[in-house]
1. Within region 225-240, is even one residue modelled with pLDDT of 95 or more, farther than 21 Å from Asp150 by Cα and touching a strand residue (DSSP E or B) at 6+ places or on another chain (Cβ under 7 Å)?
2. Hey, any hits in region 272-279 for a residue that's out of contact with any Leu (no Cβ under 8 Å at 6 or more places or on another chain) and either surrounded by fewer than 24 Cβ atoms within 10 Å (Cβ to Cβ) or in contact (Cβ under 8 Å) with a residue 60 or more places away in the chain (or both)?
3. Scanning region 263-298 for residues that are among the small types (Gly, Ala, Ser) and within 13 Å of Phe73 (Cα to Cα), which turns out nearest to the ligand (Cβ to nearest atom)?
4. Does at least one position in region 37-49 carry a residue that is away from the ligand (no atom under 16 Å from the Cβ) and over 30 Å from Glu171 (Cα atoms)?
5. Looking at region 231-249, can you tell me whether even one residue there is surrounded by fewer than 20 Cβ atoms within 10 Å (Cβ to Cβ), basic (Lys, Arg) and either within 16 Å of the ligand (Cβ to nearest atom) or in contact (Cβ under 8 Å) with a residue 60 or more places away in the chain (or both)?
6. Has region 270-287 got at least one residue that is more than 17 Å from the chain's Cα centre (by Cα) and assigned to a helix (DSSP H, G or I)?
7. Checking the structure you have, find out if any residue of region 158-172 is touching a Phe, Trp or Tyr at 6+ places or on another chain (Cβ under 9 Å), over 30 Å from Glu71 (Cβ atoms) and not hydroxyl-bearing (Ser, Thr, Tyr).
8. Does any residue of region 66-78 turn out to be among the basic types (Lys, Arg), more than 16 Å from the ligand (Cβ to nearest atom) and either farther than 29 Å from Gly33 by Cβ or modelled with pLDDT under 95 (or both)?
Amino acid sequence: MSSRPGTSSLTDGTEDIQAWLEDIHQQARTRLGQGHVASYIPALSTQDANRFGIAICTNDGRVYTAGDAREPFSVQSISKVFLLTLSLRAFGNALWERVGLNPSGMPFNSLAQLEAERGKPRNPFINAGAIVVADSLVSAFATPVQVIQDAARRLSGNASILIDRDVLASEWKHRSRNAAMAYLTKAFGNINNEVDDVLYAYFACCSLSMNCVDLAVALNYLAAEGYSRKTDEQFVEAELARRINSLLFTSGMYDAAGEFAYRVGLPAKSGVGGGIVAIVPGQFSVCAWSPALDDNGNSVVAQYALELMSDRL
Ligand SMILES: NC(=O)CC[C@H](N)C(=O)O
């Protein structure tokens, strides 16, 4: 993209944007080979670390892609954005009596902080927070997983989005740590349903299989003041979209949120499947994906691609 001073919107020609994206993809590829594919969920460990895709969805509905942007991957913690949005739609600010709003400064699966803070998770994007949010959805809906899958399908316009049953089975089998968090939270009175039901809903959402285009399109409402072009509805109020973006900015990248904010400066959510969604409010949403992660559980190449992108905006 040209870098005329003072211009930062994606209003240039389509070919320019496509070339710009391909250029970022080319440059970010140089970091393939760094990091490690997540192995604590065995079904994720078989992913090919050399995959790398990126997709942009502009607020006027144009989609640009480079690399493996249409290859489905496990969304993992990116699903926490769907969980939070649906819970805030159902419960509004009452949710914040159960979940905090501050960065955790701890790994996403920390038990120590949850114990110290008496079962009120720091924010909705660490695992304990998302498990409380999932509990709220188990209370609100008879079929919470279906509700979330439907939302992902409608917002992305892709009716064939599925839950990856192998990933779900693998997460379930290796659930000890998340189960410990859920039971500890329940012991403090902050889980209302059966732990197994809540964990199942949480894992099923993490196991959604989507590609970069699906995610960039589905989460574009956060760039577009809450409006979803796909469903042609105000999915959330503009103010709520702004608040979710603020939370993503401070807490979306786990304990690396500060560093990511410094380097990239955009609201973003990562998942251990290697995806990262970032939001440029008023302009576009972007999803980058490459499976190998750094020590914080964030994709090395996807982070670098977003850093290059933000440098050039
Ligand atoms: N950070 C992540 O993507 C973690 C999600 C994963 N399903 C877990 O519970 O550990």
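1. No: zero hits.
2. Residues of region 272-279 that are out of contact with any Leu (no Cβ under 8 Å at 6 or more places or on another chain), as a first pass: none.
No, that holds for no residue.
3. Taking region 263-298 first, the residues among the small types (Gly, Ala, Ser) are 265, 268, 270-271, 273-275, 278, 282, 285, 288, 290, 292, 297.
Still in the running and within 13 Å of Phe73 (Cα to Cα): 270-271, 273-275, 288, 290, 292.
Details: Ser270: 7, Gly271: 4, Gly273: 7, Gly274: 9, Gly275: 9, Ala288: 15, Ser290: 14, Ala292: 14 Å.
Once the filter is applied, the top-ranked residue is Gly271.
4. Checked against the condition, which is being away from the ligand (no atom under 16 Å from the Cβ) and over 30 Å from Glu171 (Cα atoms), region 37-49 yields no hits at all.
5. No - not one qualifying residue is present in region 231-249.
6. no
7. No, the conditions are met nowhere in region 158-172.
8. To start, the set of residues in region 66-78 that are among the basic types (Lys, Arg) comprises 70.
Subsequent filtering for residues that are more than 16 Å from the ligand (Cβ to nearest atom) retains 70.
If we keep only those that are either farther than 29 Å from Gly33 by Cβ or modelled with pLDDT under 95 (or both) as well, we get none.
Checked against the condition, which is being among the basic types (Lys, Arg), more than 16 Å from the ligand (Cβ to nearest atom) and either farther than 29 Å from Gly33 by Cβ or modelled with pLDDT under 95 (or both), region 66-78 yields no hits at all.
The values are calculated or read from the model by the stated rules, or taken from the named source; none is laboratory data. In this text the structure is predicted, and so the values were computed from the model without any measurement. Cβ sites come from the backbone with ideal geometry, for glycine too, and all protein chains shown count toward neighbours.
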